[in-house]
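The values are calculated or read from the model by the stated rules, or taken from the named source; none is laboratory data. All values reported here derive from a predicted model rather than from experimental measurement. Cβ: placed from backbone, ideal geometry, glycine included. Neighbour counts: every protein chain shown. Please note that ligands, DNA and RNA were not included when accessible areas were found on the heavy atoms of the full protein model with its side chains. Shrake-Rupley method; radii C 1.70, N 1.55, O 1.52, S 1.80 Å.
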Amino acid sequence: MKTVRFLTMIAAVLIGAAQSSCNSNDDNGVQDIEIPGVTFDGDIDCCSAEEALQVYKFLETVKIIPALTTTVDGQYNIFAYTRTGGFHTGYNDIFFVATKKKNGNYIKNFDIEKVTPLMYMVKMDMYHSTPVGGSVGSFDESRLAVKRGWISFLMNTSENGSWTLSYDIAVLGSKGAVSEQEIEVSALPEGQVWLKSFKVGDDAYFVSLADPTDWKTGANTATAYVSKKSKPITTPYAQATEQFTIEIDPRMPDMGNHTSPDNTPLTRQSDGSYQGTVNLTMTGLWRIHLTVKDANGNIVAGGDTENDGFSSLYWDVTI
Ligand SMILES: [Cu+2]
């Protein structure tokens, strides 16, 4: 009974905001409900109690985005989360969880597809999309019921324009969608610039730095994605198929542009991300100058000396 009660409590936590509970019959306001098929081995569509606990614990580290939650076929709840419960310019992880409406149990096999952010630009009276991760997959081995994707927003919401987000859902044979829900994209604080663009011939590329908020003094793994602007620009910008190398030169512009040792270039990994090591020797503003090379080692972007003698293509990260 303990496990069943625990899962029921998870359901109550997840659904609580959206649904008022009736027939509360204990002092926690948690209902004792029958959960068919749930035993100490868990739910066939989800997880063991331990796996469910891992998902539950993870969800305590993120915040729900109410506008992006929905119900499919009256049977399944789909919830979307980010770290902050909002979005900002540059790279954002977005997480999805599906539950059974009747008992709150997580569902392992569901698909989130066609994640489509769209910005309406008021003055130009036109729409454009932005870089989006290739596919929404399971977050990791211990949390298969959490799906993760990412969106890197080119611009923040302002009087110049606003964003909507849409996505399709397939869950246990049912299909649903979230359609053009308005979302707010805030600007990053001063000293944080995580998204830059460059051009190669007629093609525009975007280089998004992922989650530098986790960085500390010392060696950090830098993860980035290179995306290619779509034609038409209302199609989400997919990851570029070309292989680049991103060389980094971190400098502190407020401290005579001193650098740091032991940085390694970001190279393309099997999952399509780019990874390298950035070593930051102290706290403060770091301007990470970039030189992008193609597969043959030719410089295709950055690598100039137009910014105080350093590449004019750079990310800013303040730690
Ligand atoms: Cu825009």
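Check 277, 291, 283 and return the single one that is farther than 25 Å from residue 119 by Cβ, touching a Ser or Thr at 6+ places or on another chain (Cβ under 8 Å) and open to solvent by 60 Å² or more (accessible area, probe 1.4 Å).
The match here is 283.
Kindly indicate whether any position in segment 117-127 is surrounded by 14 or more Cβ atoms within 10 Å (Cβ to Cβ), part of a strand (DSSP E or B), without any contact (Cβ under 8 Å) to a residue 60 or more places away in the chain and more than 9 Å from the ligand (Cβ to nearest atom).
There is no residue in segment 117-127 that is surrounded by 14 or more Cβ atoms within 10 Å (Cβ to Cβ), part of a strand (DSSP E or B), without any contact (Cβ under 8 Å) to a residue 60 or more places away in the chain and more than 9 Å from the ligand (Cβ to nearest atom).
Residue 290: among the aliphatic types (A, V, I, L, M) and either modelled with pLDDT under 95 or over 18 Å from residue 226 (Cβ atoms) (or both), yes or no?
Judged against the criteria, residue 290 is not a match.
Out of (1) open to solvent by 60 Å² or more (accessible area, probe 1.4 Å); (2) in contact with a helix residue (DSSP H, G or I) (Cβ under 8 Å, 6 or more places away or on another chain), what's the single condition that is false for residue 172?
(2)
What number of residues within segment 132-164 satisfy the criterion of being away from the ligand (no atom under 14 Å from the Cβ) and either open to solvent by less than 20 Å² (accessible area, probe 1.4 Å) or of a type outside the set (Gly, Ala, Ser) (or both)?
Within segment 132-164, residues that are away from the ligand (no atom under 14 Å from the Cβ) and either open to solvent by less than 20 Å² (accessible area, probe 1.4 Å) or of a type outside the set (Gly, Ala, Ser) (or both) number 14.
Mind checking which residues of segment 193-229 are under 19 Å from the mean Cα position of the chain (by Cα), charged (D, E, K, R) and open to solvent by 40 Å² or more (accessible area, probe 1.4 Å)?
The answer is 196, 214, 228, 229.
Just one of 232, 236, 250 is outside the structural domain of residue 72 (by TED's automatic domain parsing) and either under 16 Å from the mean Cα position of the chain (by Cα) or among the aromatic types (Phe, Trp, Tyr) (or both); which is it?
On inspection, the qualifying residue turns out to be 236.
Since residue 104 meets every condition but one in (1) more than 16 Å from the ligand (Cβ to nearest atom); (2) modelled with pLDDT of 95 or more, which condition does it not meet?
Exception for residue 104: condition (2).
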